[in-house]
1. Pick out the one residue from D380, D415 that is exposed (fewer than 15 other Cβ atoms within 10 Å of the Cβ) and within 16 Å of ligand 1 (Cβ to nearest atom).
2. Suppose we keep only residues that are of a type outside the set (A, V, I, L, M, F, W, C) and buried (at least 22 other Cβ atoms within 10 Å of the Cβ) within the range 301-339. Which one would you say is nearest to L185 (Cα to Cα)?
3. What about Q518, is it touching a Pro at 6+ places or on another chain (Cβ under 6 Å), over 14 Å from E444 (Cβ atoms) and either more than 16 Å from ligand 1 (Cβ to nearest atom) or without any contact (Cβ under 8 Å) to a residue 12 or more places away in the chain (or both)?
4. Within the range 216-321, which helices (runs of 4 or more DSSP H) (wholly inside it) include 1 or more residues that are within 38 Å of the chain's Cα centre (by Cα)?
5. Which numbered condition trips up F369, out of (1) under 30 Å from the mean Cα position of the chain (by Cα); (2) surrounded by fewer than 23 Cβ atoms within 10 Å (Cβ to Cβ); (3) farther than 25 Å from L544 by Cα; (4) within 13 Å of ligand 1 (Cβ to nearest atom)?
6. Looking for something surrounded by 13 or more Cβ atoms within 10 Å (Cβ to Cβ), of a type outside the set (D, E, K, R), within 26 Å of the chain's Cα centre (by Cα) and modelled with pLDDT under 90 - is there at least one such residue anywhere in the range 195-204?
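The values are calculated or read from the model by the stated rules, or taken from the named source; none is laboratory data. The shown structure was predicted, so the numbers you read here are calculated from the model rather than taken from an experiment. Please note: Cβ atoms are built from the backbone with ideal geometry, for glycine as well, and neighbour counts cover all protein chains shown.
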Amino acid sequence: MSEAAAAPKRAPRASLGSPEGDDVFGAFDPRVARRFLAYLKPHRRSFIIAQVAVLFSAAGQLSMPLVIGWVTQSVIAHDVGRFHLALAAFAVAAAAFAAMFFLEEWLSQRLANRVIFDVRRHMFAHFQDISLSFMDKTHVGRLMSRLQGDVNSLQEFLENTTGAVGDFVQLIGIAVILVAIDVKLGLLTLTVLPALIGLRAIWLPYSKVAFRLARDASSTANSALAENINGVRTVQETRREALNFQLYAEKAQENFRAQAHAAWISQIMIPTVDILTGVALGIVVVVGGSEVLNSHLSVGVMVAFVFYVQKFFDPVRMLSMQYTIMQRAMAAAHRIFEVLDVPVTIADRPDARVLAVEAPTVEFRHVTFGYDPARPILHDVSFQVRPREVVALVGPTGSGKTSIISLTHRFYDVDQGQVLVGGVDVRDVSLDSLGRTIGMVLQEPFLFTGTIEENIRYNTEGASLETIVAAARAVSAHDFIMRLPEGYQTPLGQRGRNLSMGQRQLISFARALVADPQVLILDEATANIDSFTEQAIQKALKVLFAGRTCMVIAHRLATIRDADRIVVLQAGRILEQGSHDELMATDGLYRHLYTSAHASFDDEAVAATGDAEFATRT
Ligand SMILES: Nc1ncnc2c1ncn2[C@@H]1O[C@H](COP(=O)(O)OP(=O)(O)OP(=O)(O)O)[C@@H](O)[C@H]1O
Ligand SMILES: [Mg+2]
């Protein structure tokens, strides 16, 4: 972990979403601590007040045994005046302790919540900007659940920091007071401390291992559970329930064993501390008692000693717990910063232009690109979509169609060549204006939690309900929307599961129509849709395409035939391009695919496997 901190600006590590680097405990790292302090800075006033409060509350708590000793002594001496005074002192100390303790707890909880709020906001903002290439390399689900845990660890730490200061003050305070009120007895009592430190040093490595195992086991079991819930359709469809249950049961068993072991290890320290407390009390009673008999010590002091010794191990226990919390928070903060440090490679240049071209062209100039630059999947691709032209991209699966539209929207940057929209390199225009110029309808439209109306309006603020209804009418979605229980106000289930595939498509068409982009990019759905919806979609496409520069990944023959021009791709290269008639006049892949007369290009077996055959023919 530490080498990553040394070079935080390095390319994102693939390990971010994987089990490696999943340390539970982190060593203290001043760099991480300093960055973390920056989050505390805006709240330094509450922080300081909380620290002062904790000092007062510790002082109140520290003075209590002394006051009790004083009360005892005045009772023994039958001194009523001093007895009342001592009682008053006790009341003041108790009240001060309680009030300051409350203030400190309240302030540190509030502080923790505010800091965590800032951390969460930063992470969310950063995750929205992180380039897709990072997401491709990262196990996002795992990353998310881990970051969630990390944020919780940080919060726990923040809520405990002021308490740790108080515990530290108490520990030192008790030791000093013990020695101050009776040097010999004080030192003798403190001899149990090295024993405790030694035992803890032996115990610590075991506990770390046990905690790590417990956490790994729990995350393995959790991810198995999550995967099964997410994939429950496939599980039921393939009747894998029994096998999956058995696999899960094994993981749950393992988790159970690991948790039980960790609990055992962590609990073992409690009786140990109790035994040591007993030893210290024994010393006080035996040695202190004989001193009282010898009249070297007052009963009051001995009573105070008993109380101090009983209190002594509380801060020890708390501090050792807080130390663990601190280590956990260190590892957590480290991972959070690691994510916040993932460079945003797709970002506006300082001099980015605002793209505002009426009916722009889209042009690829000798584009070479690979998700891994060492393995290009697009080779020297050049083509142009002229203003208000509809160009269909066709080609076998994996030929690079989706990659081409991803590059047009600059989800990735090209390795060689240029992608131009409206004659400007997409790297030179602001991402905002590029996003406004280009509208995308993806193969599997993503619908968000919310009503149909909200989903159609999505990012077009200020679009009235009339506009939305008009768009829905234009793409033939209005009728089915009105048949839904609450019409446009019908809430969509998770990702729109309560709609059919075709209906989701139509909603996303309406969304694109409302956004009214100059350039429309469409990844046609491959899912089979009933012929009625199919007709609705073909009609909707005509409306959508009208007056825009369009690039469509086409699977349906109807869409392809209607396009002004067709670009045929194979294995990342453009094989041929032209109108339907032109391509039919040649003896290329297109004619071959078309004449095999399938309803969809993707049904063609040669298309998927015939790279070699066509490579030799062309
Ligand atoms: N996010 C990614 N990371 C790495 N490789 C990818 C990624 N997306 C696609 N690829 C690879 O790039 C190549 C082109 O994929 P692309 O998705 O562009 O094909 P496609 O023509 O859209 O196929 P389909 O018709 O199946 O949608 C494939 O070899 C694929 O394995
Ligand atoms: Mg695709």
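1. Numbers: D380 fails: exposed (fewer than 15 other Cβ atoms within 10 Å of the Cβ).
Sole residue among the options that is exposed (fewer than 15 other Cβ atoms within 10 Å of the Cβ) and within 16 Å of ligand 1 (Cβ to nearest atom): D415.
2. Taking the range 301-339 as the starting set, the residues that turn out to be of a type outside the set (A, V, I, L, M, F, W, C) are 308, 310-311, 314-315, 317, 320, 322-324, 327-328, 334-335, 338.
Adding the requirement that they be buried (at least 22 other Cβ atoms within 10 Å of the Cβ) leaves 308, 315, 328, 334-335.
Working: Y308: 12, P315: 20, R328: 38, H334: 45, R335: 48 Å.
Looking at the filtered set, the residue picked out is Y308.
3. Details: touching a Pro at 6+ places or on another chain (Cβ under 6 Å): yes; over 14 Å from E444 (Cβ atoms): yes; either more than 16 Å from ligand 1 (Cβ to nearest atom) or without any contact (Cβ under 8 Å) to a residue 12 or more places away in the chain (or both): yes.
Answer is yes for this residue.
4. Working: elements: 232-237, 241-267, 269-283, 289-293.
Filter on the range 216-321 gives 232-237, 241-267, 269-283.
5. Status for F369: all satisfied but (2).
6. Here is the first cut: in the range 195-204, the residues surrounded by 13 or more Cβ atoms within 10 Å (Cβ to Cβ) are 195-196, 199-200, 203-204.
Next, from what is left, pick out any that are of a type outside the set (D, E, K, R): 195-196, 199, 203-204.
Right, trim to within 26 Å of the chain's Cα centre (by Cα) and you get none.
There is no residue in the range 195-204 that is surrounded by 13 or more Cβ atoms within 10 Å (Cβ to Cβ), of a type outside the set (D, E, K, R), within 26 Å of the chain's Cα centre (by Cα) and modelled with pLDDT under 90.
Residue-wise test of (1) within 26 Å of S406 (Cα to Cα); (2) crowded, with 22+ Cβ neighbours inside 10 Å; (3) not assigned by TED's automatic domain parsing to the domain that holds G398.
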site: E466; (1), (2), (3): no, no, no
site: A472; (1), (2), (3): no, yes, no
site: P485; (1), (2), (3): no, no, no
site: T490; (1), (2), (3): no, no, no
site: G493; (1), (2), (3): no, no, no
site: M501; (1), (2), (3): yes, no, no
site: F509; (1), (2), (3): yes, yes, no
site: L522; (1), (2), (3): yes, yes, no
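Quick grid of which residues meet (1) among the aromatic types (F, W, Y); (2) at pLDDT below 90; (3) farther than 23 Å from E524 by Cα; (4) assigned to a loop (DSSP other than H, G, I, E, B):
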residue	(1), (2), (3), (4)
V344	no, yes, yes, yes
R349	no, yes, yes, yes
V357	no, yes, yes, yes
P360	no, no, no, yes
H366	no, no, yes, no
Q384	no, no, no, no
R388	no, no, no, yes
S403	no, no, no, no
Y412	yes, no, no, yes
